[in-house]
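Any read-out appearing in this document is the output of simple, stated calculations on the displayed coordinates, not a laboratory observation. Remember, it's a predicted structure, so these values are computed and weren't measured experimentally. Glycine also receives a Cβ, built like all others from the backbone with ideal geometry; neighbour counts cover every protein chain displayed.
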Amino acid sequence: MFHKISTKLLILSVFLLTGTAVNGQTTSINVPDEWQTFAERTDYRQTARYPETIAFARRLASSSPQVSFTSMGKSPEGWDIPLLIVSEDGVSTAEQARRSKTEKAVILIQAAIHAGESDGKDAGLALLRDIAVTGEKRALLKDAVILFIPIYNVDGHELFSKYNRINQNGPEEMGFRANSANQNLNRDYLKADNPETRAWLKLWNEWKPDLFIDCHVTDGADYRYNITWEYARHQEMPSVLTDWMAEHFQKRVVPRVEEKGNLLSPYLQFADRGDPTKGIFSFVATPRFATGYTPLQNRIGRLIEAHSLKDYRSRVRGTYDLLEEMIREAGQSKDSLIAANRAADESAMTRGKDEQEFPLAMSIEREPSRQYLLKGVEIRLEPSGVSGSDQTIYGNEAKDYQVPWYDDTKVTRSVVVPSYYVLPPQWTDAIDRLTVHGVEFFRLSDETELEVEGYIFKNPKWADSSFEGRISLQAESETVTGNRVFPKNSVVVPLAQRASAVAIHLLEPSGPDSLFYWGFFNAIFESKEYAESYVLEKMAARMLREDSSLRREFDEKLKDEEFAKNPRARLYFFYERSGFKERTGIYPVGRIVDPEVAKRLTSIGLR
């Protein structure tokens, strides 16, 4: 998913290497022929297209009162994004679930956000059938409500081709990674440019799930694991949730899934893609990723990464087993899970009250490391007559390696949380993003002068090429404090709210996926007025006559040969010092940090 395989392998060798796949996995039992999924009917050679998937989902809903079929929203091409809601008592809305006499864990599962990675779709449909039709897994609903999105990236799913996933061993044809607008939807969670993302955020805000699971397929290298996993577990995640996962996922779920014939590992990101034995790094997902976003909403985001070189059956069944056991554990331990989520929400609502330091970005530390037993295959390096460098050759023989695992992180960027952010009303795109993310805010009922802390930027540098449809931005910043007049209808964002981490990542410009980074505020660097040379010539001569220190500064500047040879630069030197030059780079978002100003906001007109 996040990295590509390190060498070019012959297609034949890829299929031979899958002989290292895990054996002895469980299968669904007592499944009538007419209820086999498309993947099962084709012996896992193929995966269903959109119409067949929708037909199967509708048939599930019409055959069981426990299943509701609906649309999460529309794709860019206008197709419905399917959503299945499965519960013991047939609830079909978040409001019905909240009114239920027995509180249950709400689990949101999504598949095919990268539409060529269809494993989660086929695993999830089989599991829901085994719950609602054959009844084999019906007990999973005793304490859980399941929301399942079988195809998140509908448009990309229908760009079917056998050439979409060069590193992947089956199915024979599959969808495309990006959507029809060529956007990678698993980079869109914070900037929320795409209709699929906005539909997902609407669903999230309605249900506020207790657990989120995102199904993928990973590349990278060959090894014996058929399933790898990850979740936020460093400074970006509330500790009460990492503690819950350490106890309930790592100690309970992983062993049960391996007992079913799978081999699991934490997500493998290699220090050297050409040589897996040199060590692995943990992955820290920023909020552009699904499982990097849910911690901002005080929820666990569980990533499933099936191994692309394993055969499709092994990957789908491994995903099935992990989904089943994760649902079972979340249901059986619902009280502690819900309590942990509530504690995380309550902690988020204390932000902005006592100058808390908030981590914005982290990096993996090179030291220290600990030893990790990598269950791999034999590896050798051979010179390549094609690339001219060494190529990595993976063999069929199982082999274990003791490798360093770098799993410690350090915070590289942080910020003291203000009491409020204030944003003028003309920045409508930024305000829209606050709205779709469910961030609470108020508006000033009148023009108001406030003392705020803010940022002034200089030396902006835009990326050389487009990334996910945007030209990203970085700049040097200086923190300033002073009075600023905010117009009527300016947005006031209190940080004492459950979505405070979302607001911070959106509005703090140094955040890795902030609105500033994605270019929402590019206009602050644009000058709109300009000066004619004939006007500047007269003004410069007068300024030189009247200001001896300015003359000395100008004479010193003339020692720069490039400057001295540039007439416009010489005139612009005076324009910048004239008072006519517009101030650019002023970040429009103000930070309320003074407690007295914060108190005042509670007494002035807000609506």
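General remarks:
- Here the 3J(HN,Hα) profile of region 436-447, calculated from phi with Karplus coefficients 6.51, -1.76 and 1.60 at θ = phi - 60°, is 5, 7, x, 6, 7, 8, 10, 10, 5, 7, 9, 4 Hz, Gly and Pro shown as x.
- Pairwise Cα distances in region 390-439 exceed 15 Å in 76 percent of cases.
- For the peptides 200-209, 590-599, the ranking by packing is 200-209, 590-599, with the highest mean count of neighbouring Cβ atoms within 10 Å listed first.
- Table column - 3J(HN,Hα) (Hz), region 507-516, Karplus curve with 6.51, -1.76, 1.60, x for Gly and Pro: 9, 7, x, 7, x, x, 10, 5, 4, 4
- Under 17 Å from the R45 label point (7 Å along Cα→beta-carbon), backbone N, region 292-333: 311-314
- Potential extension, K399-T481 segment - 0.36 nm per residue separation minus Cα distance: 23.5 nm
- Percent RCO, i.e. relative contact order, over region 24-103, from Cα pairs under 8 Å lying at least 6 residues apart: 17 percent
- Exceeding the 20 Å Cα-Cα cut-off - candidates K137/K260; K191/K528; K251/K278; K101/K142; K121/K375: K191/K528; K251/K278; K121/K375
- Alpha-carbon centroid distance for the pair region 396-415 / region 528-607, whole angstrom: 49 Å
- A Förster radius of 51 Å combined with the Cβ-Cβ distance from N566 to E52 puts the calculated FRET efficiency at roughly 0.15.
- For the peptides 449-457, 114-122, the ranking by packing is 114-122, 449-457, with the highest mean count of neighbouring Cβ atoms within 10 Å listed first.
- Extension gain, E546 back to D429 (0.36 nm per residue minus Cα-Cα distance, nm): 37.5 nm
- Separation of the I471 and E447 label points, Cα + 7 Å toward Cβ, nm: 3.4 nm
- Rounded to the nearest 0.05, the FRET efficiency derived from the C-beta distance between L381 and Y534 at R0 = 60 Å is 0.30.
- Fraction of beta bridges assigned by DSSP in the chain that are antiparallel (%, nearest 5): 75 percent
- Nonlocal amide H pairs with I213, under 5 Å, H built at 1.01 Å: L108, I109, Q110, R302
- Averaging Cα coordinates gives a centre for region 308-384 and one for region 145-176; these two points are 23 Å apart.
- For a paramagnetic label modelled on V416 (point 7 Å from Cα along Cα→Cβ), amide N atoms under 19 Å away belong, within region 582-597, to 589-597.
- Cβ crowding within 10 Å averaged over residues, with 178-191, 47-60 ranked highest first: 178-191, 47-60
- Relative contact order computed over the chain (Cα-Cα under 8 Å; 6+ residues apart), in percent: 14 percent
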